[in-house]
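Below you'll find the structure, written out as structure tokens, and then a few comments.
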Amino acid sequence: MSLMSRAFRVCSSRGIPYYTTPHRLSPSPQRLFLRPIAQSCLASSRPLRSFFRMPAERLPSPYPQEEPVAKRRKTGPSGPRVTRSYSGMSSRPEADPTTLELTDEETKLRNLLLAVAAYIDQTPAAESAGVSVPEGVAQEKTVLRWTGGWVRDKLLGVRSHDVDVAINNMTGEHFGLKMLEYLKVPGNLEKHGFGADESSKIISGLHTIKANPEASKNLETATIKVMGIDLDLVNLRKETYDEVSRNPQMEFGTAEEDAMRRDATVNAMFYNLNTQQVEDFTGRGFDDMAAKIIRTPLEPYQTFKDDPLRVLRLIRFASRLDYTLEPETAKAMANKDIQEALKIKIKRERVGIEMEKMLRGPDPGMALRLIDEAGLHDTIFTDPTRKLEFQPDVQHYRKGYKFMTEWINEREGSKYPVIPQTLLSTRDAESDEEYLAWVCAAVLSWADAPKLPPPKKNRQPLYAASLVAQEGLKAPNRVCDVLTASLNNYEAVSQLVGECQKRLPEEDPSSPAQREKIGMALRNWGRTWRSQVLFALLHEIVHGERSTEDVLRQYANFLALVTDLDLLDVINLKPLVKGTDLAKALDVKPGPWMKDALDVVLAWQLRNPSVTDPANAIEEVKKTSKSELPSRLMFHFLTLTIRPLFSQTKTDVIGDAPAPWKMRENKSFLDLLHWCIKTVDEKDLRECFRLIRPPIFRMLEDGNLEWKAKACQVITQLAKKAPENIKEECRNLFSEDVFGCFNYLPTLTPAPEAAGLLEHVYPALISFVPVAEERIAAQERQAVASRGEARTNSFVLSEKDIRFLDKVVRQGVIAVLQHAPTPTTYPELTTLVLRNLICLIVAEEIEWVKHANDILPMLHDILRDKISPTHPDLPQAAAKCLSICIAKGWPRMDTKRLQEVYLSTATAWVNCSEYDTNLEGLEGLRHDLKITTLYLDNVSNRDGIDIDTASWWTGEKERARKENASWKDMLESCST
């Protein structure tokens, strides 16, 4: 094998393709010249490096800058160099060690850069962008070199889109400005094939990155993107150091000096654009590539002391290229002074960039191993912003990266292939599972550290592992979020994985309940659930007590179950119904409640994967709680939506802030509560009752009358739905608070507000008495059917119910009416009371008579008041009350009471005649006065009625007709 072939083999072990025939810009003369040199070298066994310095007798070049320039004294080693074959690189007899094959884009770029160099040499010299250039350097012809990583990657056959350009006689910024100046010359853009769009991007794309020696950012560079290639423009330089600060002073230097200041010999080779030759000024670049060694060009301790970040860069290159650290270099990395300088002097952003490149590289395990061997764990994986008392165990770090290395390398033939197939899937172009897995392994030594107090109140405690990533590695927020989520959910993941191993014999592993449980857990963990499950697996292997085999088996079983249940993409499952559709089905205003409610719908979907039609889901929602979905929604609303709003005590409310259930965004809770009561069946009501009570109590206790009224509405709905035992419990729990609402009367409470409250108080109290409700309902049905009196004797009140209704009449009717100066002082409020009095009389039937001495006089006063027809609803309600009083209490109404009724109705009739007949409501009042008179007539003609009463009534009717009394029309329906 030829020496030249051995020097330029391609790294086939890393899957890199062989070189094709090199492309040459001046092919024939140069190739003919170089081939005899190579043959002479092989024949005489002379070291090839000695020919690198030989002057090349080339044909004239069209580019003036390609003419040879005076060589400076070489500062590198001058001894003979033995070129060995590169391990893992393929041999080619025709390979040429002094030239590289350029792609079409690189060739065009080279032509452009050389044209700019020629333009510079033909124009007068100028001050280099504010930087003083030594006179001798400024007078040199412009020579351009592609340096460092591009040359290394090119020799390895790796395509690179980043090129560092070294200029011998000016700064990178000055060269960039000259490039823009050259491209603005008419015809030059077209000459190099630039379109209008790319031209504008180039001309506006030059940026300068200033040096920052304090942070070991020693080089000022200019950057620009040309032809899709990122160019870093910088001058050749040498470094001199302040012995105190050790911060470098950058000066113009030779190519040899520039190569010797670089971090590694394999990164110190140049490609001279003028001569098209590869230049190895350290004398070790080719050797180290052949031996797969990473070493510093100069003494490693001082190299790292000057720029401690080089420690991480060399580790990255070693892991990327699968090279070995030279022993002295590795020893210097482990030096405590170097590690302290790396920890203090280098910005953590730059540390994080290097670590991310390592963990995204081809062999992250090797990188973490080299960090471990150099004793850098505590230097890199730490939070420099705070002093952490916890001391991580490096053994946990070691165990983590070793497991990951073995597992990743063997995943193709893994005993449990479902784990890598599921957790390291790369179907998504943005998938980062493998990188995140290595991040988790890197900080796993901090996973068992105690939580740290949050910086602010009402924040979650901090995890040390997340802080190490956030502050120590300056990892992006998404990476820190994954770590925090993994630590938050570790116990939940571990528990679920364990539960899936303990299935009961009769339990179907693919049962609806199992599918729902796992599916909702994965959704709760979020889109990074794969990384979180992998973190839990690593945590159990590193920190747990079980064997690795046992952990892998359990997680493999769990992931196999997830796959079998078709839950790998459950995070993308959408609810069959939209939030607005759900709100419409529940007859509830849309609000924040919808988000969690849709999760309930999703859980139901997971249990019922065969349901795919949204209409079916909507119909299911509208059913009672006996159906699965409504039952789940009901318990969700009661436990997770409504209950938390009422869990705070009064002292929990800060300042004047409203209670949570009063906040605008939470006001939908009341509609949801009504829906739950409407949906629940008697079987579930007992369990739900304990969840319904707290909101009712809190609303009743509130000082706002509107909330008291809403509480009474809920009580009414609940009592109507409840069986007798719960209805009785409602009466015992709520009645005293409801009775207290009768204290909110004028003048302390405005009459409209009092009426708005009492409107809901009466139905709530009546709903506590089942028989009362039944009697009222029967009366209403009979009234609709025949306008007559209903027979409700079949509904018997207990003594307890009678006493309760008597209390309602006394406190809710008599006391309220007597509170006002006159019954007509607050006509709307009095009308409301009388309408509810009708219901109470119907409920009590004959028992109401015990209150007659208090009720009847007030009714008479209303009907006899001359101005009452101006509020016709009030006398109309009084007339109806009298009708019901007669109907339900006639056996105990003597002649005198009936005469008072007749006098009141006749007076009211006469009073109506004094007002305009078109006055709204008067016709209805007259109608009800006739009905009252008709009841009076029916009672007076009943069998068994007192003879004196009958005689009196007959005489009154006759007298009214004969005397043509003004109220005779009121009696027209009465019997003659």
- [ ] Order by neighbour count: HIS819, HIS174, fewest other Cβ atoms within 10 Å first, most last.
- [x] HIS819, HIS174
- [ ] Could you tell me which GluC sites (Glu not before Pro) in segment 332-397 are loop residues by DSSP with no more than 16 other beta carbons within 10 angstrom of their beta carbon?
- [x] GLU389
Task: Eligible lysines near LYS957 by straight Cα distance, threshold 30 Å, same-chain separation 8 or greater - done: LYS850, LYS866, LYS880, LYS888, LYS896, LYS930, LYS968
TODO: Treating the Cα atoms of segment 799-976 as identical point scatterers in vacuum, please give the log10 of the normalised Debye intensity I(q)/I(0) at q = 0.09, 0.14, 0.15, 0.16 Å⁻¹, two decimals.
DONE: -0.30, -0.73, -0.84, -0.94
Task: Sites ASN938 and ASP569, calculated FRET efficiency, Cβ-Cβ separation with R0 56 Å, nearest 0.05 - done: 0.15
Task: Cβ-based exposure ranking for MET366, MET663, MET289, in which fewest neighbours within 10 Å come first - done: MET663, MET366, MET289
Task: Over 24 Å between alpha carbons, listed pairs LYS184/LYS225; LYS357/LYS399; LYS667/LYS807 - done: LYS667/LYS807
Task: Residue-wise HN-Hα coupling along segment 766-779, computed from phi with Karplus coefficients 6.51, -1.76, 1.60 (Hz; x: Gly, Pro) - done: 5, 5, 6, 10, x, 5, 4, 4, 5, 5, 5, 4, 5, 4
Task: Förster-model FRET efficiency, 60 Å R0, GLU373 and LYS683, C-beta, rounded to 0.05 - done: 0.30
Task: Pair GLN302, SER647: separation of 7 Å Cα→Cβ label points (nm) - done: 6.7
Open item on the list: Using C-alpha positions alone, give me the convex hull volume of segment 289-359 per residue in cubic angstrom.
Closed with: 77
Open item on the list: Based on alpha-carbon atoms only, what is the radius of gyration of segment 633-728 relative to the globular estimate 2.2 N^0.38 Å?
Closed with: 1.07
TODO: Would you mind checking which residues have amide H under 5 Å from ILE293's amide H? H placed 1.01 Å from N; only 5 or more apart, or other chain.
DONE: THR324
Open item on the list: Straight-line reach only, C-alpha to C-alpha below 19 angstrom: list the aspartates and glutamates that LYS331 could link to, leaving out same-chain residues fewer than 8 apart.
Closed with: ASP263, ASP288, GLU299, ASP306, ASP307, ASP322, GLU340, ASP372, GLU373, ASP378
TODO: Mind giving me the nanometre distance, one decimal, between the label points for THR825 and ARG690, set 7 Å out from Cα along Cα→Cβ?
DONE: 4.8
Task: Amide proton proximity set for ASN274, modelled H, under 5 Å, gap of 5+ - done: LEU144
- [ ] Please order SER511, SER466, SER445 by the number of other Cβ within 10 Å, starting at the fewest.
- [x] SER511, SER466, SER445
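Which FRET efficiency value, to the nearest 0.05, do you get for LEU640 and ASP948 by plugging their Cβ-Cβ distance into 1/(1 + (r/R0)^6) with R0 = 51 Å?
For R0 = 51 Å, the calculated efficiency reads 0.10.
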Task: Sequence-distant lysines (8 or more away, or on other chains) whose Cα lies within less than 16 Å of LYS141 - done: LYS71, LYS178
Open item on the list: Quick check of the Kirkwood formula: for segment 416-568, what is the inverse mean of 1/r over all pairs of different Cα atoms, in Å?
Closed with: 16.3
- [ ] Please express the shape of segment 574-681 as an equivalent ellipsoid: the semi-axes are the square roots of 5 times the eigenvalues of the C-alpha gyration tensor, given largest first in whole angstrom.
- [x] 28, 13, 12
- [ ] Subtract the Cα-Cα distance of ASN616 and GLU665 from 0.36 nm times their separation in residues, and report this length gain in nm to one decimal.
- [x] 14.7 nm
TODO: Would you please give the residues with an amide H less than 5 Å from that of ASN235, counting only those at least 5 places away or on a separate chain, with H modeled from the backbone geometry?
DONE: ILE167, GLY172
TODO: Tell me the trypsin sites (Lys or Arg not before Pro) within segment 547-596 that lie in a loop according to DSSP and have at most 10 other beta-carbon atoms within 10 Å.
DONE: none
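Report the full-extension gain for the segment LYS456 to THR385: residue separation times 0.36 nm, less the Cα-Cα distance, to one decimal in nm.
23.9 nm
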- [ ] Report the charge-dipole magnitude of segment 243-321 in Debye, nearest 20, computed about the Cα centre from +1 at each Lys and Arg Cβ and -1 at each Asp and Glu Cβ.
- [x] 500
- [ ] Starting from segment 898-976, pick out the GluC sites (Glu not before Pro) whose DSSP state is loop and whose Cβ has at most 14 other Cβ atoms within 10 Å.
- [x] GLU914, GLU920, GLU963, GLU972
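The numbers here are math on the coordinates, done by the rules we state, and not lab data. Please read these numbers as outputs of a predicted model, since none were measured by experiment. Cβ coordinates were reconstructed from backbone atoms using ideal geometry, including for glycine residues, and neighbour counts include every protein chain displayed.
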